[in-house]
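Let me begin by presenting the structure, written as structure tokens, before commenting on it.
The values are calculated or read from the model by the stated rules, or taken from the named source; none is laboratory data. All figures in this text were calculated on a predicted structure; none of them were measured in a lab. All Cβ positions, glycine included, derive from the backbone under ideal geometry; neighbour counts span all protein chains shown.
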Amino acid sequence: MKRVIYTTPQDAEAAFYEAIERADLDAMMAVWADDDDIVCVHPGGTRLSGMAQVRESWRRIFANGQTLRFQLRQEQSLNGMTLAVRSVYEQIAVVGEAQAPDPVIATNIYLRTASGWRMVVHHASPTPANPETEGKPAPKTLH
């Protein structure tokens, strides 16, 4: 199988979300760097690292049979010569369900490799129902 070369981080990100919407495991894993240092955190989940854990997590998600549609909002990016960090709000719709879940905030990190741009980190977390309140003072929390 010929591996796609993503010429920009945006191309890799578009392929990532297309793979989720199509529930295509091979297309999903083609976006990721072929490296055991990759990391994936699904909303409310634990940290998964390495190709085997990341692949198995996406296999399980795709096996549940839901069709998902994504709308990305409030995209922010920091692009360097070899590394790109993208922060987005994912509004996820489950096809066939009337009510959409609360948005998810995701940080996607891409590395420029000899094979083009590849994802090395996807970290998604639940957010409040109204992300427009972001930036307002929050209670102090140690992190």
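If the condition is being assigned to a helix (DSSP H, G or I) and within 26 Å of Q99 (Cα to Cα), then region 29-70 contributes S57, W58, R59, R60, I61, F62, A63. Exactly one residue out of Q99, Q76 is of a type in the set (S, T, N, Q), outside any strand (DSSP E or B), free of Cβ contacts under 8 Å to residues at least 24 places away in the same chain and loosely packed, with under 13 Cβ neighbours inside 10 Å: that is Q99. Scoring S115 on the criteria (1) exposed (fewer than 15 other Cβ atoms within 10 Å of the Cβ); (2) in contact with a Pro (Cβ under 8 Å, 6 or more places away or on another chain); (3) in contact (Cβ under 8 Å) with a residue 60 or more places away in the chain; (4) not hydrophobic (A, V, I, L, M, F, W, C) leaves a single failure, condition (2). When every residue of region 15-34 is checked against the conditions, at least one turns out to be loosely packed, with under 13 Cβ neighbours inside 10 Å and within 16 Å of V121 (Cα to Cα). Does D26 fit the bill of being modelled with pLDDT of 95 or more, under 21 Å from Y89 (Cβ atoms) and either of a type outside the set (V, I, T) or part of a strand (DSSP E or B) (or both)? Against the criterion (modelled with pLDDT of 95 or more, under 21 Å from Y89 (Cβ atoms) and either of a type outside the set (V, I, T) or part of a strand (DSSP E or B) (or both)), D26 does not qualify. Here R47, R55 are screened, and the one residue that is over 20 Å from A84 (Cβ atoms), modelled with pLDDT of 95 or more and exposed (fewer than 13 other Cβ atoms within 10 Å of the Cβ) is R47.
Pairing each residue of region 40-55 that is under 23 Å from Y89 (Cα atoms) and without any contact (Cβ under 8 Å) to a residue 12 or more places away in the chain with any residue that is outside any loop (DSSP other than H, G, I, E, B) and of a type in the set (S, T, Y), provided the two are 6+ apart or on different chains, yields C-beta distances under 9 Å for L48/S57.
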